[in-house]
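**Student:** So that we are looking at the same thing, I have put the structure below in structure tokens.
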């Protein structure tokens, strides 16, 4: 399943925060991510009390959106998905090593090359994060 992600977006471990694609629909995508105790960021955030950084939860949403965008547009060869806007991030619960996340992204609107999306992260069916953002596909250098 991870090979499908490797074939879709340029992100690679240790900066890949999506494990698999659960479902792809016309206007949305659902992915998963299980946080492992050996993730390198837990060594410093925080020693003795590991908490997943909120910015990395956002990154999981952005990567899920990038997967959706590349798969939806198709033939995105030589294109790189880039983040161009972040709005209204709300953190509602903490995430710890061992937690499995459901990451959902929905397309809201497209204006030329900009794709406006909304995302949320859930843990055990409860919302961890909601966020709105925009991605663009740019020509690779």
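The values are calculated or read from the model by the stated rules, or taken from the named source; none is laboratory data. Computed from a predicted model, the values in this text were never measured in an experiment. Don't worry about glycine lacking a Cβ; one is built from the backbone with ideal geometry, like all the others, and counts go over all protein chains shown.
**Student:** Please enumerate the residues belonging to segment 73-87 that are in contact with a strand residue (DSSP E or B) (Cβ under 9 Å, 6 or more places away or on another chain) and over 23 Å from residue 122 (Cα atoms). I'd like the intermediate steps shown before the answer.
**Tutor:** Here is the first cut: in segment 73-87, the residues in contact with a strand residue (DSSP E or B) (Cβ under 9 Å, 6 or more places away or on another chain) are 73, 76, 78-87.
If the condition is that a residue be in contact with a strand residue (DSSP E or B) (Cβ under 9 Å, 6 or more places away or on another chain) and over 23 Å from residue 122 (Cα atoms), then 73, 76, 78, 79, 80, 81, 82, 84 are the ones that fit.
**Student:** Could you check segment 99-116 and list, in sequence order, the residues that are closer than 14 Å to residue 138 by Cα and surrounded by 18 or more Cβ atoms within 10 Å (Cβ to Cβ)?
**Tutor:** 115 - this is the single residue of segment 99-116 that is closer than 14 Å to residue 138 by Cα and surrounded by 18 or more Cβ atoms within 10 Å (Cβ to Cβ).
**Student:** Still on this model: Can residue 80 be described as at pLDDT below 95 and assigned to a strand (DSSP E or B)?
**Tutor:** yes
**Student:** Would you confirm whether any residue within segment 69-80 is under 18 Å from residue 54 (Cβ atoms), crowded, with 16+ Cβ neighbours inside 10 Å and touching a helix residue (DSSP H, G or I) at 6+ places or on another chain (Cβ under 7 Å)?
**Tutor:** The answer is no, given that none of the residues of segment 69-80 is under 18 Å from residue 54 (Cβ atoms), crowded, with 16+ Cβ neighbours inside 10 Å and touching a helix residue (DSSP H, G or I) at 6+ places or on another chain (Cβ under 7 Å).
**Student:** Further question on the same structure: Against the definition (outside any loop (DSSP other than H, G, I, E, B), over 18 Å from residue 133 (Cα atoms) and modelled with pLDDT of 95 or more), how does residue 68 come out, yes or no?
**Tutor:** No: the conditions fail for residue 68.
**Student:** Of everything in segment 83-101 that's free of Cβ contacts under 8 Å to residues at least 60 places away in the same chain and part of a loop (DSSP other than H, G, I, E, B), which residue is nearest to residue 130 (Cα to Cα)?
**Tutor:** 92
**Student:** Now for a separate question. Residues in segment 84-96: is at least one surrounded by 13 or more Cβ atoms within 10 Å (Cβ to Cβ) and at pLDDT below 95?
**Tutor:** no
**Student:** Sticking with this one: For the structure I just gave you, tell me whether residue 132 is within 17 Å of the chain's Cα centre (by Cα), loosely packed, with under 14 Cβ neighbours inside 10 Å and within 17 Å of residue 65 (Cβ to Cβ).
**Tutor:** no
**Student:** Suppose we keep only residues that are without any contact (Cβ under 8 Å) to a residue 24 or more places away in the chain and in a strand (DSSP E or B) within segment 114-130. Which one would you say is farthest from residue 95 (Cα to Cα)?
**Tutor:** 118
**Student:** Now for a different question. Could you check segment 1-60 and list, in sequence order, the residues that are surrounded by fewer than 15 Cβ atoms within 10 Å (Cβ to Cβ), touching a strand residue (DSSP E or B) at 6+ places or on another chain (Cβ under 7 Å), in contact (Cβ under 8 Å) with a residue 60 or more places away in the chain and assigned to a loop (DSSP other than H, G, I, E, B)?
**Tutor:** 10, 27
**Student:** While we're on this one: Does residue 140 fit the bill of being within 18 Å of residue 6 (Cα to Cα), at pLDDT below 95 and either crowded, with 16+ Cβ neighbours inside 10 Å or under 12 Å from the mean Cα position of the chain (by Cα) (or both)?
**Tutor:** no
**Student:** Would you confirm whether any residue within segment 22-43 is touching a helix residue (DSSP H, G or I) at 6+ places or on another chain (Cβ under 6 Å), more than 24 Å from residue 107 (Cα to Cα) and at pLDDT 95 or above?
**Tutor:** Looking through segment 22-43, none of the residues is touching a helix residue (DSSP H, G or I) at 6+ places or on another chain (Cβ under 6 Å), more than 24 Å from residue 107 (Cα to Cα) and at pLDDT 95 or above.
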